[in-house]
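A.B. asks: Encoded as structure tokens, here's the structure I'll be asking about.
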Amino acid sequence: MGLDQYVNTFGVACKQRFGEKLKKLTIDAKFTCPNRDGTLGRGGCTYCNVASFSYEHGTELSIPEQLNKGRERFAGRTSKYIAYFQAYTSTYDEYKVLKAKYDEAIIDPDIVGLCVGTRPDCVSDDVIELLAGYQARGIDVWLELGLQSASDKTLKRINRGHTLADYLDTVTRARAKGIKVCTHLILGLPGEEHQDYLNSLHAVLQAGVDGLKLHPLHIVEGSTMAKAWRSSRISLLSMEDYAYSVGEMIRYTPKEIIFHRVTAYAKKPILLAPDWCAYRWNGLVAIVDDLKAKGGQGSYLISKLKMSSKAI
Ligand code: SF4
């Protein structure tokens, strides 16, 4: 594929640190989300159907069973793994419940890292202390924060229920305790275009970040956006436009920042559109072609990354 030649990928970073490419074992620990349980709202973010990121296991499985099932998939490809609490908001519960669930994963001797995916407004100081404690014990800890866009206008439009300020506060508190932060951004959100993605990247780099995950907006069954898409009220990025924008973002990103993901795919029938997101490799090939032609990560000076006059 060749992405590693142009990008400081998570695989490359793991190989440097652990001597092999680690695999993330996704866990659905039966958390919920304040944007779905009524605390902030009930409808959730307009693009979200949590089933689209937890379909691989099934919520009836315990945490050790999910780890075992994931490990079977990667048999012979690695000997060490990261426990990835991915579904819903994985810091949204009582402290003792969170600790018990994380402990259940990291007790597995093959687990050397912990990734916790959450919302920027759901990370208390206690949770940061808990994660810092694992880090001090030698577990490689990542806090994955869904920001999606640095524009408060866009965050409101997609019903995220948090602001850029919430994100900046959490990043500052987590990184002050030595916890690595990986930020998720979505390209192609309604009302946004190329310069908006660069604005989001600029805000995230300015705040300080250790990793990035970039996704194209894709429409999944059961989401609020699915209705808008069915009535032709949403247009989606072509694979070519996505590859162009991601290529530019990668070139502006300093080399030490680790890309955990540069695109995403989903399985039909959960995926409704765009069709190119149904295939794991097509988007990646287009991105690699762009990087090959115009340069890889860090090719552009970050000082040249200008904000548009449009306020974020
Ligand atoms: S995307 Fe995350 S924060 Fe938004 S509704 Fe879904 S689970 Fe909650």
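The values are calculated or read from the model by the stated rules, or taken from the named source; none is laboratory data. Please read all numbers here as calculations on a predicted model, not as lab measurements. All Cβ positions, even for glycine, are placed from backbone atoms using ideal geometry, and neighbour counts span all protein chains on display. Ligands, DNA and RNA are stripped out before the accessible areas are found, and what is left, the full protein with its side chains, is counted by its heavy atoms. Shrake-Rupley method; radii C 1.70, N 1.55, O 1.52, S 1.80 Å.
A.B. asks: What are the ³J(HN,Hα) couplings of the range 263-273, residue after residue, when phi is run through the Karplus curve with 6.51, -1.76, 1.60 and θ = phi - 60°? Round to Hz, x for glycine and proline.
C.D. replies: Running phi through 6.51 cos²θ - 1.76 cosθ + 1.60 with θ = phi - 60° gives 7, 9, 9, 9, 8, 6, x, 5, 6, 9, 5 Hz.
A.B. asks: What does the charge count near Lys227 come to, summing +1 for each Lys or Arg and -1 for each Asp or Glu among other residues with Cβ under 13 Å from its Cβ?
C.D. replies: Numbers: positive: Arg230, Arg233; negative: Glu221.
Residues near Lys227 contribute +1 overall.
A.B. asks: Right, something else. Could you pull out every residue, at least 5 positions away or on a different chain, whose amide H is within less than 5 Å of the one on Ile258? Hs are placed 1.01 Å off N in the peptide plane, and Pro or chain starts have none.
C.D. replies: Excluding prolines and chain starts, which carry no amide H, the hits are Gly211, Leu212.
A.B. asks: Sticking with this structure for a sec: Using the Karplus equation 6.51 cos²θ - 1.76 cosθ + 1.60 (θ = phi - 60°), what ³J(HN,Hα) coupling, rounded to whole Hz, does each residue of the range 242-253 give in order, writing x for Gly and Pro?
C.D. replies: Those phi angles translate into 5, 4, 4, 5, 5, x, 5, 5, 5, 5, 7, 8 Hz.
A.B. asks: May I ask you to compute the full-extension gain from Lys294 to Lys99, defined as 0.36 nm times their residue separation minus their alpha-carbon distance, rounded to one decimal in nm?
C.D. replies: Fully extending the segment from Lys294 to Lys99 adds 65.7 nm.
A.B. asks: What whole-number value in Å² describes the accessible area per residue of the chain for a 1.4 Å probe?
C.D. replies: It amounts to 44 Å² per residue over the chain.
A.B. asks: May I pose another question? Quick one: which residues, 5+ away or cross-chain, put their amide H under 5 Å from the amide H of His184? H built at 1.01 Å from N.
C.D. replies: Correct list: Leu145, Gly146, Leu147, Gln148, Lys213.
A.B. asks: Over the Cα atoms of the range 239-312, what Rg and Dmax result, in angstrom?
C.D. replies: Reported Rg and Dmax, both Å: 14.2, 43.
A.B. asks: Compare the peptides 66-77, 188-199, 102-113 by average per-residue count of other Cβ atoms within 10 angstrom and give them in order, highest first.
C.D. replies: So the peptides 66-77, 188-199, 102-113, ranked by packing, come out 188-199, 102-113, 66-77.
A.B. asks: Considering amide H positions built from the backbone, and no H for Pro or chain starts, which residues 5 or more places from Trp142, or on another chain, come under 5 Å of its amide H?
C.D. replies: Hits under the 5 Å cutoff: Leu114, Cys115, Val116.
A.B. asks: Sorted by accessible area with a 1.4 angstrom probe, largest first, how do Trp142, Trp229, Trp281 fall?
C.D. replies: Descending order: Trp281, Trp229, Trp142.
A.B. asks: Still on this structure: Please arrange Met307, Met239 by accessible surface area, largest first, computed with a 1.4 Å probe and ligands excluded. Each step should come with its number before you reach the end.
C.D. replies: Values: Met307 70, Met239 40 Å².
Per-residue accessible area, sorted high to low, gives Met307, Met239.
A.B. asks: Quick one: pull the percent of accessible area on the range 3-304 belonging to carbon and sulfur, 1.4 Å probe, ligands and nucleic acids left out.
C.D. replies: 51 percent
A.B. asks: Got a sec to turn the phi values of the range 82-97 into Karplus ³J(HN,Hα) couplings, 6.51 cos²θ - 1.76 cosθ + 1.60 with θ = phi - 60°, whole Hz, x for Gly and Pro?
C.D. replies: So the J values, rounded to whole Hz, are 10, 7, 10, 7, 9, 6, 6, 10, 7, 10, 9, 5, 5, 3, 5, 6.
A.B. asks: Please identify, among Lys96, Lys21, Lys292, the residue showing maximal mean-square fluctuation in a Gaussian network model of the chain using a 10 angstrom Cα cutoff.
C.D. replies: Result: Lys96 has the largest fluctuation of those listed.
A.B. asks: Work out how far the C-alpha atoms of the chain reach from end to end along every principal axis, then list the three figures in whole Å, largest first.
C.D. replies: Sorted from largest, the Cα extents of the chain read 47, 43, 38 Å.
A.B. asks: Output the lone cysteines of the chain: those with no second cysteine's C-beta under 4.7 Å from their C-beta.
C.D. replies: Lone cysteines by the Cβ rule: Cys14, Cys33, Cys115, Cys122, Cys182, Cys277.
A.B. asks: Here is a follow-up. Scattering from the C-alpha atoms of the range 116-158 alone, worked out with Debye: what is log10 I(q)/I(0) at q = 0.32 1/Å?
C.D. replies: Reported log10 I(q)/I(0), two decimals: -1.12.
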